[in-house]
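Have a look at the structure below, then the notes.
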Amino acid sequence: MKPVYCLFFMLFLVSCADRQAVYLPPLAGTTEMPDCRKIYPQGRWQFVHSLEFSLADGKKGNAVGVTVIDDPVIECALMTVEGLVLFAARYDRGLKIKRAIPPFDNQEFAGGLIRDLQLIFFPPLSEDIQYGKNDNGTICRYRQSAGPWLDIILSTDQGWRLNQYGPDKIRNRSVTARPGPVARQWQPPEYLELTACDAAGYTLKMTLVSAEKL
Amino acid sequence: MSAYVKNIAIALLLLVPLLTGWADSWEALKQQTPVIKSVRADFVQEKHLKILSRPIISRGVFIFQAPGSLRWEYFSPIKNILLIHNGRTKKFIRRDGRLEEEQGMSLAALQIVLQEISRWLSGNFTENSAFSAGLENKRRIIFIPREPAMARLINKIELQLSDTPGLIDSVTIYEGPDSYTRLIFTNARLNQEIDNSLFMKK
């Protein structure tokens, strides 16, 4: 098993227990009601990303990610820079793994990958929403069923950030997006960074290679 | 494992310039194999996936110098360099805007393929332990994995030779019904002087 792939596999299995907890902050009031769902793509899109990942101990790896989305459907493939497909799956209210080379032949890895893609690309289902603001921008706070919270923070530079908190109100994921060129229509972020747990945890950096509306 | 696949492709590429006149039997190929000192060519890599509306295109260059020095470099979309020289292998990849050496590479697969290269450079295509080779007409060689474990990774490798003796058009690696990778080579130059530093520096 090539070590770099082990690292990628471990991304989705890493425990958050030994990291400093970040709790759901109180919301400062605002009269604004921003449209936070505007950060999400509409319809069917295909993305290719260059992926860089790193673990808390400093180990790093690279891969290429292909994602085709049409809410709620996700098709994804993870491959090496040289083109070897390591993992391919389709999610349509149920997960079907099409190809998985060890150590990726694991439901836990597949489930974690799909959940992270859902977090990044699909809007929350909840209609339970509060609005607020902080120094970074305006916030939409979604209370999801069974407890998780999701803060969508819209910054003034057209970037955005997602903070997801578990039922214990401890942050378990954050996603930071750097916007692409200004355009009339929705454009995907040119760069995304997903962090598990906190800044000391693993990170997944996604640099956009191509995006296509299908 | 990716290094294995890549290096199979590289190795296949290396053997092709040895083929002059495109003989129609393994024995004839072996007899016609000339001495090769170096190869340099540009490549385009097409990654075809069923879910992709169009292939992912990567571009780069490969440089080989006998007996076993290699530079396999991607220029886009992701900068990436593999160097083999004097029995040592290094891989560099772009991270945070800089080229960093990848640590912890598994070299076993590379070593296996390098052993194969020496056979291929002698015109022995059928002695590969991992793949059986078949000559389809004078311009196409098909490699089929011998073991089921390898077949789960690679169904077939297809080598398409050029009209010009000694050159190659493409190498296609079939992973399954939904995925294949095609390497298309251009601007091939044989037996030119190559600076050794190209195999040592990123």
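Between segment A:159-211 and segment B:147-194, how far is it from one alpha carbon centroid to the other, in angstrom?
After rounding, the separation between the Cα centres reads 38 Å.
How crowded by other chains is A:85-95, given as the mean number of beta carbons from other chains within 10 Å of each beta carbon?
Numbers: counts 10, 2, 0, 7, 0, 1, 0, 0, 0, 0, 0.
Partner Cβ neighbours, averaged per residue: 2.
What average number of partner chain Cβ atoms lie no more than 10 Å from the Cβ of the residues making up A:59-65? List each step's numbers first, then the result.
Working: counts 2, 7, 5, 8, 2, 5, 0.
That average works out to 4.
Would you mind classifying chain A by shape? Square roots of the alpha carbon gyration tensor eigenvalues, ordered a ≥ b ≥ c; an a/c under 1.5 is rounded, otherwise it is prolate if a/b is larger than b/c and oblate if not.
Details: a/c = 1.70, a/b = 1.35, b/c = 1.26.
Prolate shape, in that a/c is at least 1.5 and a/b is the bigger ratio.
Only helical DSSP H runs with n ≥ 4 go in: add -39500 (n - 2.57) per run for chain A, normalise by residue count and round the 222 nm mean residue ellipticity to 500 deg cm²/dmol. Write out the running numbers ahead of the final one.
On the way: 2 runs with 24 residues, N = 214.
Computed mean residue ellipticity for chain A: -3500 deg cm²/dmol.
Give me the dipole magnitude in Debye, nearest 20, for segment A:157-199 about the Cα centre, with unit charges on the beta carbon: positive for Lys and Arg, negative for Asp and Glu.
Numbers: 6 positive and 5 negative charges, 26 e Å.
Charge dipole of segment A:157-199: 120 debye, to the nearest 20.
Which residue fluctuates the most in chain A, going by a Gaussian network model with Cα springs under 10 Å, if the choices are A:Q46, A:Q185, A:Q20?
Per the Cα network of chain A with a 10 Å cutoff, A:Q185 tops the list.
Can you return the lysines within cross-link range of A:K213? Criterion is Cα-Cα under 28 Å, with same-chain partners fewer than 8 residues away left out.
Hits, sequence-local ones excluded: A:K38, A:K96, A:K98, A:K205, B:K47, B:K50, B:K79.
Taking amide H positions as placed in the peptide plane 1.01 Å from N, state which residues far from B:S162 in sequence (5 or more) or on other chains have amide H under 5 Å from it.
Distant-sequence amide H within range of B:S162: B:L167, B:I168, B:D169.
Over chain A, with a Gaussian network built from C-alpha contacts below 10 Å, which listed residue (A:A28, A:A63, A:A110) shows the highest mean-square fluctuation?
Maximum fluctuation in the GNM of chain A, among the listed residues, is at A:A28.
What are the ³J(HN,Hα) couplings of segment A:45-51, residue after residue, when phi is run through the Karplus curve with 6.51, -1.76, 1.60 and θ = phi - 60°? Round to Hz, x for glycine and proline.
Each residue of segment A:45-51 in turn: 10, 10, 10, 10, 10, 8, 10 Hz.
Most mobile of A:A21, A:A88, A:A183 per a Gaussian network model of chain A (Cα springs, under 10 Å)?
Evaluated over chain A, the most mobile residue of the options is A:A183.
Can you compute 3J(HN,Hα) from phi for each residue in segment B:83-92, using the Karplus curve 6.51 cos²θ - 1.76 cosθ + 1.60 with θ = phi - 60°, rounded to whole Hz and x for Gly and Pro?
10, 10, 7, 6, x, 10, 10, 9, 10, 10
Once the Cα atoms of helix A:107-121 and of chain A are each reduced to a long axis, what angle between those two axes, in degrees from 0 to 90 to the nearest 10, is obtained?
40 degrees
Non-local amide H neighbours of A:R44 (under 5 Å, H modeled in plane, Pro and chain starts lacking H): which ones?
Those lying under 5 Å, H to H, from A:R44 are A:L214.
Any read-out appearing in this document is the output of simple, stated calculations on the displayed coordinates, not a laboratory observation. Since the structure is predicted, the reported quantities are computational estimates derived from the model, not experimental observations. Neighbour counts run over all protein chains shown; Cβ positions are idealised from the backbone, glycine included.
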